[in-house]
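The structure appears below as structure tokens.
The values are calculated or read from the model by the stated rules, or taken from the named source; none is laboratory data. Every value quoted in this text rests on a predicted model; they were computed, and no experiment measured them. Cβ placement follows ideal geometry from the backbone for every residue including glycine, while neighbour counts extend to all protein chains displayed. Quick note on the areas: whole protein, heavy atoms, side chains included, nothing else; ligands and nucleic acids left out. Shrake-Rupley method; radii C 1.70, N 1.55, O 1.52, S 1.80 Å.
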Amino acid sequence: NIDVPSTATVIEANGQTVIPGLIDMHAHLLSGGFDTVSEKSMSYDPADQQRALKQMLYWGITTVYDPVQPLEQGLRLRDQIASKVFPAPRLFISGPGFTAPGGWAGSNDPYARFEPTDLSEVKEQIETLASAGIGIVKVFYDDMNVSFAQTLPKLEEAMMQAIIGEARAHGMKVMVHA
């Protein structure tokens, strides 16, 4: 027997399946990514993002991590969800993905990419994310030689290590596409 507080809402679920909320740790909220029905390709359209998040919630996803998007747009979406502007799972974002200049970053949108060329840029970019309350950094360490006809520039290992070190110094987690 479980003591249920008198203020609790009791839902009769006899004969049904109840599971905990699902967590999606890698959902690109862009047209052509999650929303494959759209005619758009690789667009960060807010209406498409809202529709995808509502659909995810309907499917039982209560928390989602979106690893690459323009920072300001991602922050606006995160704030709308926190303010309950529309029903959606809890959202974690990374902001722009880190890559080599001209490398793969999951998006060609210049606002969804950081392409540092020296350590001072790394410090500045990580500080921008940390100041915005971002908790996870996405790093791309791949030349995409198995996906494209021509390889792309790959982040230098020393630069990747600097990004990881700077992120950790700010208490951030790091996800690496390798």
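Go ahead and estimate [θ] at 222 nm for the chain from helices alone: -39,500 (n - 2.57) per DSSP H run with n ≥ 4, summed, over the residue count, rounded to 500.
The helix contribution divided over the chain gives -9000 deg cm²/dmol.
Segment 132-178 to segment 40-115: how many Å between their Cα centroids?
18 Å
Would you list, by chain and number, the aspartates and glutamates whose Cα falls below 18 Å from the Cα of Lys138, excluding same-chain residues fewer than 8 positions away?
Once the sequence-local aspartates and glutamates are set aside, what remains near Lys138 is Asp24, Asp66, Glu72, Asp109, Glu115, Asp118, Glu121, Glu124, Glu127, Glu156, Glu157, Glu166.
Mind checking which of Thr151, Thr17, Thr63 has the largest fluctuation in a GNM of the chain, springs on alpha carbons under 10 Å?
Thr17
Within 15 Å, Cβ to Cβ, of Ile163, how many net charges do the neighbouring residues add up to if Lys/Arg are +1 and Asp/Glu are -1?
With Lys, Arg at +1 and Asp, Glu at -1, the net is -3.
How far apart, in nm, are two points set 7 Å out from the Cα along the Cα-to-Cβ line at Met175 and at Leu75?
2.0 nm
If I compute Cα extents along the principal axes in Å from the structure I just sent, which labelled value in (i) 55, 33, 20; (ii) 67, 45, 23; (iii) 59, 40, 28 lines up?
Computed from the coordinates, Cα extents along the principal axes in Å corresponds to (iii).
Below 19 Å, Cα to Cα, which lysines can Lys84 reach? Residues fewer than 8 away in the same chain don't count.
Leaving aside lysines fewer than 8 places away in the same chain, those within reach of Lys84 are Lys54.
Loop-only check: which GluC sites (Glu not before Pro) in segment 136-172 are DSSP coil with at most 16 other Cβ within 10 angstrom?
Glu156
If you roll a 1.4 angstrom probe over the protein chains with everything in place, what fraction of the accessible area of the chain belongs to carbon and sulfur, to the nearest %?
Of the solvent-accessible surface of the chain, carbon and sulfur hold 53 percent.
With an 8 Å cut-off on Cα pairs and a minimum separation of 6 or more residues, tell me the relative contact order of segment 48-178 in percent.
Reported relative contact order: 23 percent.
Need one number: nm distance between label points at Thr117 and Thr17, each 7 Å from Cα along Cα→Cβ, rounded to one decimal.
5.4 nm
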